[in-house]
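**Student:** Below: one structure in structure tokens.
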Protein chains: 2
Amino acid sequence: MPRSSYRPPKIPEMTIRRLSIYARCLLQLEEDGVKSVSSQELAERFNLNSAQVRKDLAYFGEFGVRGIGYYVASLKAELQRILGLDREWAVVLVGFGNLGSALFHYKGFTRQGFKVVAIVDENPAKVGREVERVPVIASRDMAREVKARGIQIAILAVPVEAAQAVTDELVAAGIRAVLNFAPTRLRVPRDVRLKNVDLSIELETLSFYLAKSAR
Amino acid sequence: MPRSSYRPPKIPEMTIRRLSIYARCLLQLEEDGVKSVSSQELAERFNLNSAQVRKDLAYFGEFGVRGIGYYVASLKAELQRILGLDREWAVVLVGFGNLGSALFHYKGFTRQGFKVVAIVDENPAKVGREVERVPVIASRDMAREVKARGIQIAILAVPVEAAQAVTDELVAAGIRAVLNFAPTRLRVPRDVRLKNVDLSIELETLSFYLAKSAR
């Protein structure tokens, strides 16, 4: 087979999500002073599936050491590198209502290296303020700011009606990944990653189980 | 094989999540006046995988009609019934800071039949108020309210430090499903469903792709 025809395997998104979880578990183990761990121990302690752990990791290389398992610190570092968490990502947060404000104060983002460097809102009462030293800027200045700072990631917490227009403008300004909280389907070019967070889907998995046990 | 040994297949959680998505797609088709749809058409229009659609639905029965595909209205109704969305679920929202407030106003929940009937907060300035006719009650009245109204679902938007104690109290009061936004691991009894929403995992799937294309 000619070399040029080789394509790396497509990695399922659920594998990526699980890598995030493994990285958290390893961080916890590291804080507890654990040096090495087998996939079985990891699975038992964090209620994971050990075969799944091995399969997920196998996409990225051979991390296990026979008779030892995984070295906690080095596997954690490796997963963080794979997930792009070994650097800081500048993020623009668009929409600073209740949800935007909650997301801004959400500790998890900062801990993982995502730093909101600009907040965009339409409300003149908010524009010009600083929130924890991050400036709130007007919508008309959004594209310029994104370009000037080379921001690649946007978190969208705007009303449904505004979401597509804001997205188009962000993409034109150079945004390459959008985390969308507006409950609507957005169109983005193929080379832009879009992730929709639909909070009601989470509730529906719960009602499924409640409804099932009531049947 | 004796009948009592039959166990229904365990349904993957991702299948449940996808059923939620299919139900939304069918609703959209219904609004557009589409009467029937094949799994291929469904897949193409909403960027799904048609084999996956068929496999997911097969857990619950035979919905397709040869030469026609699926009847949009009846499949939608069936999926909503399976997901427990054919009824209203009373929900208690615990924590009414920025995130709690954002979740309360999140339109998606109500649309799917989840109705917040009580808000719990510790802040005396908030307790006793009503928000869109929903009362804000004090923590000490939470258990009584949950019991009195037979509430089964709780949304948790409290600080990490409070999350486990609140959960224990909710479970003791009869809550059977918890949607947790506090970035911490909670312990619940086996018969209580817990769903953690970790918003930074969503961002990490994005940074994975950005980091990958930069390598």
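Just so it is clear, none of the values below were taken in a lab; they were calculated from the coordinates. Since the model is a prediction, treat every value here as computed from it, not as a measurement. We place every Cβ from the backbone using ideal geometry, glycine too, and count neighbours over all the protein chains shown.
**Student:** As I understand it, the value is the acute angle between the Cα axis of helix A:160-172 and the longest principal axis of the Cα atoms of chain A; what does it come to in degrees, rounded to 10?
**Tutor:** Here the helix axis deviates by roughly 80 degrees.
**Student:** Oh, and also: Where the Cα atoms of region A:41-155 are projected onto their three principal axes, how long is each span, largest first, in whole Å?
**Tutor:** 62, 27, 21
**Student:** Can I ask one more? Against the longest principal axis of chain A, how steep is helix A:13-31, in degrees 0 to 90 to the nearest 10, with axes from Cα atoms?
**Tutor:** The two axes meet at around 70 degrees.
**Student:** I'd like to know which of B:Val160, A:Ser50, B:Leu48 lies farthest towards the positive end of the charge dipole of the protein assembly as shown, counting +1 on Cβ of Lys and Arg and -1 on Cβ of Asp and Glu.
**Tutor:** It is A:Ser50, whose Cα lies furthest towards the positive end.
**Student:** Can I ask one more? Considering the zone a paramagnetic label at B:Lys107 would reach in this model (a point 7 Å from Cα along the Cα-to-Cβ line), which residues of region A:183-198 have amide N under 12 Å from it?
**Tutor:** A:183-185
**Student:** To continue, here is another question. Determine ³J(HN,Hα), in whole Hz, for all residues of region B:82-87 in sequence, where each value follows from phi through the Karplus function 6.51 cos²θ - 1.76 cosθ + 1.60 and θ = phi - 60°; x replaces Gly and Pro.
**Tutor:** These are the phi-based 3J(HN,Hα) values: 4, 7, x, 9, 8, 9 Hz.
**Student:** A further question follows. Lysines near B:Lys10 by alpha-carbon distance under 19 Å, same-chain residues fewer than 8 away left out - which ones?
**Tutor:** B:Lys10 reaches A:Lys212, B:Lys55, B:Lys195.
**Student:** Could you estimate the translational diffusion coefficient of region A:89-200 from the Stokes-Einstein equation, with Rh from the Kirkwood formula over C-alpha pairs, at 20 °C and 1.002 mPa s, in whole µm²/s?
**Tutor:** For these conditions, the coefficient is 155 µm²/s.
**Student:** I've got another one for you. Based on the inverse mean of 1/r over its pairs of different Cα atoms, what is the Kirkwood hydrodynamic radius of region B:3-81, in Å?
**Tutor:** This gives a value of 13.0 Å.
**Student:** Also: How big is chain B by Rg and Dmax over its Cα atoms, in Å?
**Tutor:** Answer for chain B, Rg first and Dmax second: 20.6, 63 Å.
**Student:** What average number of partner chain Cβ atoms lie no more than 10 Å from the Cβ of the residues making up B:193-200?
**Tutor:** So the per-residue partner count for this stretch is 6.
**Student:** Under the Karplus relation 6.51 cos²θ - 1.76 cosθ + 1.60, θ = phi - 60°, what is the ordered set of whole-Hz ³J(HN,Hα) values for region B:66-81, x standing for Gly and Pro?
**Tutor:** 4, x, 10, x, 10, 6, 4, 5, 6, 5, 4, 4, 5, 5, 5, 5
**Student:** Rounded to the nearest 5, what % of the DSSP beta bridges within chain A are antiparallel ones?
**Tutor:** 20
**Student:** Another question, then. Take the alpha-carbon centre of region B:146-208, take the same for region A:95-142, and report the distance between them in whole Å.
**Tutor:** 26
**Student:** Mean shadow of region A:99-139, computed from the convex hull of its alpha carbons, in nm²? Before the final figure, lay out each step's value.
**Tutor:** Working: hull surface 11.5 nm².
Spelled out: convex hull of the Cα atoms, projected over all directions, averaged, 2.9 nm².
**Student:** Out of the DSSP beta bridges found with both residues in the protein assembly as shown, what percent are antiparallel (nearest 5)?
**Tutor:** Taking every DSSP beta bridge within the protein assembly as shown, about 20 percent pair in antiparallel fashion.
**Student:** Size of the dipole of chain A about the Cα centre, Lys and Arg at +1 and Asp and Glu at -1 on the beta carbon, nothing else charged, in debye to 20?
**Tutor:** Its charge dipole is roughly 600 debye.
**Student:** For the protein assembly as shown, what is the per residue volume of the convex hull drawn over the alpha-carbon atoms, in cubic angstrom?
**Tutor:** Spelled out: Cα convex hull of the protein assembly as shown, divided by residues, is 207 Å³.
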